[in-house]
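First comes the structure, then the notes that go with it.
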Amino acid sequence: QVQLVESGGGLVQAGGSLRLSCVASGRTFSSYTMGWFRQAPGKERDFVAAINWSRSSTYYADSVKGRFTISRDNAKNTVYLQMNSLKPEDTAVYYCAAKTGGLSPLYSNYAYWGQGTQVTVSS
(Lines give C-alpha, C1' and ligand atoms only; values in the text may rest on other atoms or scores of the structure.)
Protein backbone atom coordinates (compact mmCIF):
# COMPACT_ATOMS: atom_id res chain seq x y z
CA GLN A 1 0.00 0.00 0.00
CA VAL A 2 1.26 3.46 -0.91
CA GLN A 3 -0.23 6.75 0.23
CA LEU A 4 0.58 9.88 -1.74
CA VAL A 5 0.29 13.51 -0.68
CA GLU A 6 0.85 16.35 -3.16
CA SER A 7 1.77 19.94 -2.37
CA GLY A 8 3.11 23.03 -4.09
CA GLY A 9 0.14 24.10 -6.16
CA GLY A 10 -1.06 27.68 -6.31
CA LEU A 11 -1.79 30.71 -8.44
CA VAL A 12 0.90 31.93 -10.83
CA GLN A 13 1.04 34.29 -13.78
CA ALA A 14 1.66 33.02 -17.29
CA GLY A 15 5.37 32.51 -17.84
CA GLY A 16 5.98 31.74 -14.20
CA SER A 17 7.13 28.58 -12.46
CA LEU A 18 5.94 26.20 -9.77
CA ARG A 19 7.38 23.03 -8.27
CA LEU A 20 5.00 20.32 -7.16
CA SER A 21 6.02 17.71 -4.62
CA CYS A 22 4.51 14.35 -3.84
CA VAL A 23 5.53 12.51 -0.67
CA ALA A 24 4.86 8.79 -0.50
CA SER A 25 4.43 6.59 2.55
CA GLY A 26 5.72 3.06 2.63
CA ARG A 27 9.18 1.58 2.45
CA THR A 28 8.87 0.36 -1.13
CA PHE A 29 8.59 3.78 -2.78
CA SER A 30 11.83 3.26 -4.67
CA SER A 31 10.36 0.27 -6.51
CA TYR A 32 7.46 2.20 -8.06
CA THR A 33 7.19 4.10 -11.29
CA MET A 34 5.79 7.53 -10.46
CA GLY A 35 3.62 9.70 -12.63
CA TRP A 36 1.93 13.08 -12.72
CA PHE A 37 -1.49 13.60 -14.28
CA ARG A 38 -3.76 16.62 -14.48
CA GLN A 39 -7.46 17.24 -14.85
CA ALA A 40 -9.10 20.49 -15.88
CA PRO A 41 -12.80 21.14 -15.15
CA GLY A 42 -15.02 19.18 -17.49
CA LYS A 43 -12.09 17.33 -19.06
CA GLU A 44 -10.54 13.90 -18.74
CA ARG A 45 -7.50 13.19 -16.61
CA ASP A 46 -4.44 13.63 -18.81
CA PHE A 47 -0.95 12.25 -18.52
CA VAL A 48 1.80 14.79 -17.82
CA ALA A 49 5.02 12.93 -17.00
CA ALA A 50 6.42 9.73 -15.53
CA ILE A 51 9.73 8.52 -14.12
CA ASN A 52 10.92 5.00 -13.44
CA TRP A 53 12.25 3.75 -10.12
CA SER A 54 15.93 4.19 -10.99
CA ARG A 55 15.48 7.65 -12.58
CA SER A 56 17.04 6.29 -15.75
CA SER A 57 13.94 6.92 -17.85
CA THR A 58 11.36 9.67 -18.09
CA TYR A 59 8.38 10.21 -20.34
CA TYR A 60 6.52 13.45 -21.05
CA ALA A 61 3.34 14.49 -22.75
CA ASP A 62 4.06 16.54 -25.86
CA SER A 63 2.20 19.48 -24.36
CA VAL A 64 4.73 19.88 -21.52
CA LYS A 65 7.94 18.62 -23.12
CA GLY A 66 10.72 21.16 -22.70
CA ARG A 67 8.82 23.08 -20.00
CA PHE A 68 8.24 20.50 -17.24
CA THR A 69 10.77 18.23 -15.54
CA ILE A 70 9.96 15.22 -13.40
CA SER A 71 12.46 13.99 -10.84
CA ARG A 72 12.53 11.88 -7.70
CA ASP A 73 14.50 11.47 -4.51
CA ASN A 74 14.10 7.91 -3.29
CA ALA A 75 15.82 8.70 0.00
CA LYS A 76 13.06 11.24 0.72
CA ASN A 77 10.21 9.19 -0.79
CA THR A 78 9.41 12.21 -2.94
CA VAL A 79 8.71 12.89 -6.58
CA TYR A 80 8.79 16.39 -8.03
CA LEU A 81 7.35 18.18 -11.01
CA GLN A 82 9.17 21.38 -11.92
CA MET A 83 6.90 23.47 -14.14
CA ASN A 84 8.39 26.39 -16.07
CA SER A 85 6.97 28.74 -18.69
CA LEU A 86 3.49 28.04 -17.43
CA LYS A 87 0.52 28.75 -19.67
CA PRO A 88 -3.16 29.33 -18.83
CA GLU A 89 -3.94 25.96 -20.43
CA ASP A 90 -1.81 24.28 -17.73
CA THR A 91 -4.51 25.19 -15.21
CA ALA A 92 -5.78 21.97 -13.63
CA VAL A 93 -5.74 19.79 -10.56
CA TYR A 94 -2.45 17.89 -10.61
CA TYR A 95 -2.32 14.34 -9.30
CA CYS A 96 0.60 12.17 -8.31
CA ALA A 97 0.28 8.44 -9.01
CA ALA A 98 2.27 5.25 -8.50
CA LYS A 99 2.46 1.97 -10.36
CA THR A 100 4.57 -1.13 -10.52
CA GLY A 101 6.39 -1.95 -13.72
CA GLY A 102 7.57 0.41 -16.42
CA LEU A 103 6.58 3.85 -17.66
CA SER A 104 3.02 4.34 -18.86
CA PRO A 105 0.86 7.31 -19.91
CA LEU A 106 -2.37 5.44 -19.10
CA TYR A 107 -4.03 6.49 -15.86
CA SER A 108 -5.74 3.09 -15.60
CA ASN A 109 -2.31 1.49 -15.11
CA TYR A 110 -1.64 3.43 -11.91
CA ALA A 111 -2.85 1.80 -8.70
CA TYR A 112 -2.24 4.58 -6.18
CA TRP A 113 -3.28 8.23 -6.32
CA GLY A 114 -2.90 11.37 -4.27
CA GLN A 115 -5.71 13.81 -3.53
CA GLY A 116 -4.47 16.40 -6.01
CA THR A 117 -3.21 19.96 -5.84
CA GLN A 118 -4.68 22.91 -7.74
CA VAL A 119 -2.54 24.84 -10.20
CA THR A 120 -4.01 28.01 -11.65
CA VAL A 121 -2.19 30.04 -14.31
CA SER A 122 -3.52 33.51 -14.98
CA SER A 123 -3.07 35.27 -18.30
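The values are calculated or read from the model by the stated rules, or taken from the named source; none is laboratory data. Values in this document were obtained by computation on a predicted structure and should not be read as measured data. Side chains are part of the model used for accessible areas, which takes the heavy atoms of the whole protein and leaves out ligands, DNA and RNA. Shrake-Rupley method; radii C 1.70, N 1.55, O 1.52, S 1.80 Å.
Got a number for carbon plus sulfur as a percent of the chain's accessible area, 1.4 Å probe?
C and S fraction of accessible area: 47 percent.
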### Summary
For VAL23 the rounded accessible area (nearest 10 Å², probe 1.4 Å, non-protein molecules ignored) is 70 Å²
### Summary
Under 5 Å from the placed amide H of VAL48, counting only residues 5+ away or on other chains, we find TRP36, PHE37, ARG38
### Query
Using θ = phi - 60° and the Karplus form 6.51 cos²θ - 1.76 cosθ + 1.60, what ³J(HN,Hα) does each residue of segment 65-78 get, whole Hz, x for Gly and Pro?
4, x, 10, 10, 9, 9, 8, 8, 10, 5, 5, 9, 6, 10
### Under 29 Å from the Cα of LYS87 - lysines, other chains or at least 8 residues apart
LYS43, LYS65, LYS99
### Length released on extending from GLN118 to THR28, taking residue separation times 0.36 nm less the Cα-Cα span
29.7 nm
### Task
Give me the accessible area per residue for the chain, probe 1.4 Å, as a whole number in Å².
51 Å²
#### Entry: Calculated from backbone phi, Karplus (6.51, -1.76, 1.60) coupling profile of segment 82-88 in Hz, x at Gly/Pro
8, 10, 10, 6, 5, 10, x
### Task
Would you give the gap between the C-alpha center of segment 1-47 and the C-alpha center of segment 72-123, rounded to a whole Å?
3 Å
## Note on the structure
For GLY10, other-chain or 5+-apart residues with amide H closer than 5 Å (H placed, Pro excluded) are VAL119, THR120
